[in-house]
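A short write-up of the structure that comes next.
The values are calculated or read from the model by the stated rules, or taken from the named source; none is laboratory data. Nothing here was measured: the structure is a model prediction, and the numbers come from that model. Please note: Cβ atoms are built from the backbone with ideal geometry, for glycine as well, and neighbour counts cover all protein chains shown. For accessibility, only protein heavy atoms count, side chains too; no ligands or nucleic acids. Shrake-Rupley method; radii C 1.70, N 1.55, O 1.52, S 1.80 Å.
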Amino acid sequence: MIVPRLIERKRDGERLEPSEIHELVLAYADGRVPDYQMAALLMAIYFNGLDRGEMNALMEAMLESGRRLDLARLPLPRIDKHSTGGVGDKTSLILAPLIASCGVAVPMMSGRGLGHTGGTLDKLESIPGFRTALSLDEAERQVARIGCAMLSQTDEIVPADRKIYALRDATATVEVIPLIAASIMSKKISESLTGLVLDIKRGSGSLLPDLEDELEVARAMIDLGASHGCPVVALLTAMDRPLGEACGNALEMVEAIDVLRGAGPPDLIEVTTALGVEMLILGTVATTRDGAREMMRDAIATGRALTKLEEIIDAQGGDARVARDPARLPRAPHQANYEAKTDGVVQSVDPRAIGYGVIALGGGRRNMEDTVDPSVGFVVTAKPGIRVEKGQRLATIHARSKEGLALGRSILDEAIVTGDSAVGALPLVSHRVTARGVEEL
Ligand code: URA
């Protein structure tokens with residue numbers, strides 16, 4: 001294999017053979033190909049793309065670079081849910097215990113905050129003691145025992161993806177549909193799933209803000225899943241404003257617990273329910289949408305979903321008392337309300353500004369080495385389209401200092417725009433994509 005020749009061919013718009021991609025990816029994972037050559041190839045792919053055969057070869061090679069969860073002997077369906085990333089998106093924190101409490105195994109591998117988006121692992125780690133770096137053996141035992149494990153990608157799991165993803169992040173080559181699809185699906189296939197539900201975010205706060213690209217990434221992942229016997233259903237959901245109210249790690253954990261106790265903001269409940277319905281139907285424990293909704297309502301009303309959360313926290317070394325007493329989660333020392341400056345209609349609540357704002361308050365990473373303050377963030381009650389009066393509370397800022405509160409105010413001045421016009425927001429759940437095609441909802 002002559003790597004400069006492969007880079008040259010991709011640069012000039014040619015197709016690479018699956019065997020070439022395979023050899024290159026495994027050689028890169030082993031350190032036999034340097035970062036600078038892989039970076040050049042990634043940039044060539046950024047401009048010239050990969051066809052389905054090339055994308056499939058990339059995913060297969062990434063899968064081969066590591067081990068997989070061995071869950072096939074489990075007498076339960078195994079369903080995960082994955083989101084392309086958003087702000088205020090705490091649906092995984094709710095769905096993992098909720099769906100596991102309905103008799104579906106949920107091996108859930110999640111990520112950390114990326115760009116302006118929050119990460120499920122950071123949110124879970126706001127629980128004192130909670131450990132996400134489970135070994136594959138630990139995760140297998142935990143899923144067999146309690147039906148769910150919430151874990152991070154480790155060196156055992158698709159290490160080639162881990163290395164390529166870090167390089168993409170450092171070389172501005174993240175936003176490439178076949179690279180995104182192969183990266184996400186390599187991790188999901190390694191979980192030994194019987195089905196996967198994707199939450200593809202739409203709108204200004206999403207990874208791919210164009211509808212055609214969102215549909216294409218959904219189709220690409222559905223094809224990759226089909227090649228491994230893993231049916232995939234994708235919902236396109238709104239990320240033109242934050243989901244729910246809480247944005248920030250511990251604040252989002254509190255809001256997720258609220259939903260598991262039967263409360264929580266309506267938009268968060270609607271999106272979580274839509275995803276949960278797909279998980280229960282793919283998991284074959286429900287046959288109708290109404291039946292699936294009823295199952296989730298019952299799991300919440302009887303407290304089974306909250307008990308499952310306690311079991312997960314306990315199994316992963318965390319303080320399970322937070323499930324009944326969220327006040328035990330870290331709380332920022334300073335809080336202040338943010339109020340409307342004029343009467344009017346909220347025109348927009350910019351998810352990117354809020355997401356980057358959480359990072360600026362210390363609740364996310366600027367560099368991989370940064371430590372995250374789990375307590376800081378915003379609770380934004382304002383939604384696009386609502387009418388507000390001067391002085392009405394639009395949000396609460398949670399900060400570690402008085403300076404943090406001032407910074408929070410300036411972030412919200414930019415993020416929340418009030419005016420006079422009527423406003424159109426994206427529907428919360430707009431499309432359902434399956435191997436059979438696209439349904440507009
Ligand atoms: N999340 C991933 O795991 N991979 C990508 O490429 C993008 C988002």
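With a 10 Å cut-off between alpha carbons and a GNM built on the chain, which of ILE269, ILE79, ILE354 moves the most?
For the chain, modelled as a Gaussian network with Cα springs under 10 Å, the answer is ILE269.
Relative to the first principal axis of the alpha-carbon coordinates of the chain, what is the inclination of helix 402-415, with its axis defined by its Cα atoms, in degrees from 0 to 90 and to the nearest 10?
70 degrees
Need the C-alpha centroid separation for segment 29-52 versus segment 409-433, integer Å.
When both Cα centres are located, 37 Å separates them.
I'd like the Karplus ³J(HN,Hα) series for segment 9-14: coefficients 6.51, -1.76, 1.60, θ = phi - 60°, whole numbers in Hz, and an x wherever there's a Gly or Pro.
Residue by residue, segment 9-14 yields 5, 5, 4, 8, x, 8 Hz.
Highest first, please rank the peptides 388-395, 279-286 by the mean number of other Cβ atoms sitting within 10 Å of their residues.
Packing order, densest peptide first, comes out as 279-286, 388-395.
Between segment 289-325 and segment 127-160, how far is it from one alpha carbon centroid to the other, in angstrom?
After rounding, the separation between the Cα centres reads 19 Å.
Which value, in Å², gives the accessible area per residue of segment 3-49 when a 1.4 Å probe is used on the protein heavy atoms?
Ligands and nucleic acids excluded, the figure is 53 Å² per residue.
How high is the relative contact order of segment 3-49? Use alpha-carbon pairs under 8 Å, at least six apart in sequence, and give a whole percent.
Normalised by residue count, the contact order of segment 3-49 is 53 percent.
For helix 249-260, what angle does its Cα long axis make with the longest principal axis of the chain, in degrees from 0 to 90 and rounded to 10?
The answer is roughly 80 degrees.
Which value in nm describes the separation of the simple spin-label points at LEU211 and GLN392, placed 7 Å from the Cα toward the beta carbon?
Each label point lies 7 Å from its Cα, and together they span 2.9 nm.
Can you tell me which lysines have their Cα less than 18 Å from the Cα of LYS390? Leave out same-chain residues fewer than eight positions away.
Answer for LYS390, where 18 Å is the Cα cut-off: LYS341, listed by chain and number.
For the chain, set up a Gaussian network in which alpha carbons nearer than 10 Å are linked by springs, and say which option among SER410, SER135, SER206 fluctuates the most.
Between SER410, SER135, SER206, it is SER410 that shows the largest mean-square fluctuation.
Hey, what angle do you get for helix 91-100 against the long axis of the chain, alpha-carbon based, 0 to 90 degrees rounded to 10?
Tilt of helix 91-100: around 80 degrees.
Per-residue counts of other Cβ atoms within 10 Å, averaged by peptide: what ranking do you get for 35-41, 244-250, highest first?
Taking the mean over residues of other Cβ atoms within 10 Å, the ranking is 244-250, 35-41.
Please give the calculated 222 nm ellipticity per residue for the chain, where each DSSP H segment of at least 4 residues contributes -39500 (n - 2.57) and the sum is spread over every residue; nearest 500 deg cm²/dmol?
One gets -13500 deg cm²/dmol as the mean residue ellipticity at 222 nm.
List the relative contact order of the chain as a percent without decimals, with contacts defined as Cα pairs under 8 Å and 6+ residues apart.
19 percent
Once phi is turned into ³J(HN,Hα) by the Karplus curve 6.51 cos²θ - 1.76 cosθ + 1.60 with θ = phi - 60°, what whole-Hz value does each residue of segment 389-394 show in order, with x for glycine and proline?
Those phi angles translate into 10, 3, x, 6, 6, 9 Hz.
At what distance in nm do the modelled label points of ASN367 and LEU26 sit from each other, each positioned 7 Å from its Cα along Cα→Cβ?
3.6 nm
What's the ranking of 13-20, 328-335 by average number of surrounding C-beta atoms within 10 Å, highest first?
328-335, 13-20
Need one value: the accessible area of MET295 in square angstrom, 1.4 angstrom probe, rounded to the nearest 10.
It works out to around 60 Å².
Per the 1.4 Å probe, what fraction of the accessible area of the chain, in percent, lies on carbon and sulfur atoms?
It is 50 percent, rounded to a whole number.
Lys and Arg at +1, Asp and Glu at -1: add these up for the other residues within a Cβ distance under 12 Å of SER192 and post the number.
In short, +2.
If we count every other residue with Cβ under 11 angstrom of ALA246's Cβ, Lys/Arg +1 and Asp/Glu -1, where does the sum land?
Within the 11 Å Cβ shell, the charges total -3.
What is the Cα centroid distance between segment 233-266 and segment 104-121, reported in whole angstrom?
Between the Cα centre of segment 233-266 and that of segment 104-121, the gap is 14 Å.
Amide H to amide H, which residues 5 or more places from ALA246 or on other chains are under 5 Å from it, using H placed in the peptide plane?
It is VAL380, by chain and number.
Restricting to bridges with both residues inside the chain, how much of the DSSP beta-bridge set is antiparallel, in percent to the nearest 5?
Close to 60 percent.
With each pseudo-label sitting 7 Å past Cα toward Cβ, what's the ARG304-ALA166 distance in nm, one decimal?
4.2 nm
What does the accessible area per residue of segment 331-419 come to in Å², with a 1.4 Å probe and no ligands, DNA or RNA counted?
Dividing the accessible area of segment 331-419 by its residue count gives 49 Å².
Can you list the HN-Hα couplings for segment 183-192, worked out from phi with the Karplus curve (6.51, -1.76, 1.60; θ = phi - 60°), rounded to whole Hz and with x for Gly and Pro?
5, 5, 6, 4, 5, 6, 5, 5, 7, 6
Take ASP35, project a point 7 Å from its Cα along the Cβ direction, then tell me which residues of segment 349-378 have their backbone nitrogen under 14 Å from it.
Backbone N within reach: 368-369.
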